[in-house]
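See structure below.
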């Protein structure tokens, strides 16, 4: 049968349309997955990337989708899935431009599983083969620190024999110099590093050698030092590095003002192992005149170092953890991020005393932080003659909050009915009110009332004055939309997990009135902030972000209390008797609990604007 030219043309047009539609669909899924990943909604990202690959197995974005799917699994902690995806990727796409990203991700995965030898091999592949300079340097840093902390001399020699590579040889030389410095053999280390830099100035580890050389030059015997325990494992290193950079900037400005440099900042890398952290601290104390310790980020490591500080009588600064109990372990521990109890109590008092809220509800995670926060919040609310009418809990991996919001919504209706009926008859018992409420609720949502079946969420629940939701930034989009859907009309209260302006602005239609607390806040429009950014950029060659500023504030506070030739006891005493310190993003004040910062900012997000409440 002969096909007419017009039919054939229509057929070609249809095929072209379908192909275009298919490409758009693949692009849409990929972009939505990227958006979810950037918003730290890794479960949704994983679902979207999987759907993209399933719907478009031969699309132009397949390799990018597989990389992002593997990265989503990594963030979710499903390391076996990452291993499977990486191995399949190398077999199917040996020439892909994302091959180095996959090797780097595989190295991170092996590291998280404790297989340090395999992690080093994967990172070495990136250093040796990747055209991406940034990724190459990052892998080189991971390779260096992991080899230093986790591999034996025999394992390193075996790898050197296997690769016979200038990269590996240079790394081993710098590691050897580092070990010599730890042993106090400074002259030998300096000679080794100097020769390495002179003969191989462009080696991937030449910059690390220069860093060690500067450290050796700046460490005269007996010089007092703040020792910073720097987290070097992949998930925490960027934050830890930013804090260190902020501290170094503060120390540099201090030295410029005083025209002296009587205090040093020594950075000691620590892994996620508590044992390794304690060994590093003891080693550092043996080779430096440590005046105080700072860091790391992990709460368990902080608890171990706090105990050590108690026995060594050494001031210890905990920069970011909000866990409860550090200062009870050691009278030398200072917690700059208010603990969960302090935060809960502060918000409970503010909600009832300043905002005048009388009936409140709570939604919080089943975590140590969540439980401490909620317990102290409820105590403060009750002490101020207000009430928490319901507390709903969720697990950290929860994505659907329907059960919790329905319970809160129903309790709102009950409180409205209870308060209304008691205005009529204050003698009614709780049992009588409960009985009447069931009938009232049935009638409120009945077909007879509305003339048709009604969706219950169309009717606002207005009985609760305020709802506290304790959350983390990755859950903000999920919780905000579900809160709006369930039509609970009240003031929303929150912890510091809401302090993500980008996420708030994206979900502003769901958040008519949100009040939350945070230990850190800065106004990007302020003259003081803009002046700080200009100074920081000029000196440190990068734009400061939140954790740079936290490091700057931390060190500025220490330097304010420091005096030349003081000992640890004197330094502890001066820190203990601090007045209020005002930093760029953080204020420090030990007002309520000994050595625990009690200063918190109250922030309000309304009509798309985030403002500090005076």
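No lab work stands behind these numbers, since they all come straight from the coordinates. Here the structure is a predicted model, which means the values were calculated and not measured. A quick note on method: Cβ atoms are made from the backbone with ideal geometry, for glycine too, and the neighbour counts reach across all protein chains shown.
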FRET efficiency for residue 235 and residue 541, using Cβ-Cβ distance with R0 set to 22 Å, rounded to 0.05: 0.30
As computed over the chain, the Cα convex hull volume per residue (Å³): 227
Among 458-465, 435-442, the order from most to least packed when residues are scored by Cβ within 10 Å on average: 458-465, 435-442
Gap separating the Cα centres of region 34-86 and region 294-367, nearest whole Å: 36
Mean Cα-pair separation over length for the chain, i.e. relative contact order, pairs under 8 Å, 6 or more apart, %: 10
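Assuming 0.890 mPa s and 25 °C, estimate D for region 79-234 with Stokes-Einstein, Rh taken as the Kirkwood radius over Cα pairs, in µm²/s.
146
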Rg over Rh, two decimals, region 267-319 (C-alpha only, Kirkwood Rh): 0.90
Relative pair counts by distance (%), Cα atoms of region 352-450, 10 Å bins: 13, 34, 34, 17, 2
Approximate spin-label separation residue 90-residue 419, in nm, with each point projected 7 Å along Cα-to-Cβ: 6.4
Protection proxy ranking, peptides 588-599, 422-433, 526-537, average beta carbon neighbours within 10 Å, highest first: 588-599, 526-537, 422-433
Relative contact order for region 5-193, counting Cα pairs under 8 Å that sit 6 or more residues apart, in percent: 10
Size of region 99-160 as Cα extents on the principal axes (Å, biggest first): 30, 22, 15
Inter-part distance where region 488-545 and region 116-159 are each reduced to a Cα centre, Å: 37
22 Å tail of the calculated P(r), region 341-518, as % of Cα pairs: 47
Zero-based 5 Å bins, Cα pair distances in region 308-382, whole percents: 3, 16, 21, 19, 15, 11, 8, 4, 2, 1
Where only alpha carbons of region 499-614 are counted, the Rg and the Dmax (Å): 17.1, 57
Estimated [θ] at 222 nm from DSSP helical runs (n ≥ 4, -39500 (n - 2.57)) normalised by residues in the chain, nearest 500: -18500 deg cm²/dmol
